[in-house]
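K.L.:
Structure below; questions to follow.
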């Protein structure tokens, strides 16, 4: 199962809004149907505990993990499937979407047993995949490494169960606790390695958000130009650019900013208009209703599963004060400036801390 979880992570940044899923098929004389392999086995083919297939969900709209694992099995090993266990990180789907149901394929191939991390909370599945397998006589075990499975797919579970995107708050601060100089003067706080890491983070999330002041002062591009994806699934290409989200309640930002260059999908939340021009969409919200609640509800309807909030301080604090965040990533530089714009106050439980070049990266989760 740990191998299946490892494989699942290879889909990070490519499969949303689907969950990341991995599958490992293990031939086991004592598992599956309980019958010995025997029969037409070639010498060495029936070694118990041998992995005969593995796969992961590689890209949204393409084959799921179980299908990739099944079809990775060598023709010479296909007869071992009824005597094998499929270790899969999430309940096999039971409905037709962009792909046919994985539960049906496991039944068709007469897999001997299925062991799973987590039930799928999606109402289209929600236990029906397990039910199909059991009705076909396939033993099913659930809950193996369930906590790790939920952590892997925290974005998916948050989106389904709380009906909002998974929110990551990120900022870089000086060693004396500032995110910008006096008068909101932009500073290059983090080092080159940390900046590359941030672009990697961007490539893993559906969207990235900034507030009005940050958009005006920093003129960011909010793309992933510093994170080339040299490897699966695309060779010599940069990671996927996230959807850009800009808060501009009164539509004060100049259209000459990089955010309005039409190079990637961009959402501008405001109080004035709803309109789409090229890849830029203006979304009007009501000034009489809570702003963040409306924004997150709209993102949910757009199936945006995760958002990296990069600033500024006012926007970050609004999420913190509303209790609407799931992860906090703070990069602290050895730089000292003495005075400036104060960084948000860190909340939650410290989960990890490590050095990234000369900077320190700390990750926090809510205390709840």
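K.L.:
Please list log₁₀ I(q)/I(0) at q = 0.13, 0.14, 0.18, 0.19 Å⁻¹ for the stretch 66-197, using the Debye equation with identical point scatterers on the alpha-carbon positions.
P.N.:
-0.67, -0.72, -0.99, -1.07
K.L.:
If R0 is 22 Å, what FRET efficiency do you get for residue 352 and residue 162 from their C-beta distance, rounded to 0.05? Before the final figure, lay out the partial values.
P.N.:
Working: r = 23 Å, r/R0 = 1.07.
Approximately 0.40, to the nearest 0.05.
K.L.:
Which value does Rg/Rh take for the stretch 255-327 over its C-alpha atoms, Rh per Kirkwood? Don't skip to the answer; put the middle values down first.
P.N.:
Details: Rg = 13.1 Å, Rh = 13.6 Å.
Here Rg/Rh amounts to 0.96.
K.L.:
Right, next: Go ahead and estimate [θ] at 222 nm for the chain from helices alone: -39,500 (n - 2.57) per DSSP H run with n ≥ 4, summed, over the residue count, rounded to 500. Each step should come with its number before you reach the end.
P.N.:
Working: 10 runs with 85 residues, N = 368.
It lands at -6500 deg cm²/dmol.
K.L.:
To continue, here is another question. For the stretch 156-196, state the average projected area of the convex hull of the C-alpha atoms over all orientations, rounded to one decimal in nm². If you can, show how the numbers build up before the last one.
P.N.:
On the way: hull surface 19.2 nm².
Spelled out: convex hull of the Cα atoms, projected over all directions, averaged, 4.8 nm².
K.L.:
Turning to a different aspect of this structure: So for the chain, what are the equivalent ellipsoid semi-axes in whole Å, largest first, each being the square root of 5 times an eigenvalue of the Cα gyration tensor? Could the numbers behind the result be given before it?
P.N.:
Values: eigenvalues 397, 95, 65 Å².
For the chain, the ellipsoid semi-axes come out as 45, 22, 18 Å.
K.L.:
What is the diffusion coefficient of the stretch 2-155 in µm²/s, taking the Kirkwood radius over Cα pairs and the Stokes-Einstein relation at 20 °C with a viscosity of 1.002 mPa s? Write down the numbers at each step before the final one.
P.N.:
Working: Rh = 15.2 Å.
For the chosen part, D equals 141 µm²/s.
K.L.:
At what distance in nm do the modelled label points of residue 284 and residue 134 sit from each other, each positioned 7 Å from its Cα along Cα→Cβ?
P.N.:
Here the modelled spin labels are 5.1 nm apart.
K.L.:
Per q in 0.08, 0.10, 0.14, 0.15 Å⁻¹, report the Debye log10 I(q)/I(0) for the stretch 163-365, using one uniform scatterer on each alpha carbon and no solvent.
P.N.:
For the stretch 163-365 at q = 0.08, 0.10, 0.14, 0.15 Å⁻¹, log10 I(q)/I(0) is -0.26, -0.42, -0.84, -0.97.
K.L.:
For q values of 0.18, 0.20, 0.23, 0.30 Å⁻¹, compute log₁₀ I(q)/I(0) with the Debye formula on a Cα-only model of the stretch 103-145, without solvent.
P.N.:
The computed values of log10 I(q)/I(0) come out as -0.48, -0.59, -0.77, -1.12.
K.L.:
Considering only DSSP beta bridges where both residues belong to the chain, give the percentage that are antiparallel (nearest 5).
P.N.:
Details: 30 of 64 bridges.
Expressed as a percentage, antiparallel bridges in the chain total about 45.
FYI, it's all coordinate maths here, none of it is from the lab. Since this is a predicted model, take the numbers as computed values, not measurements. Quick reminder, even Gly has a Cβ in these numbers, built from the backbone with ideal geometry, and neighbours come from all protein chains shown.
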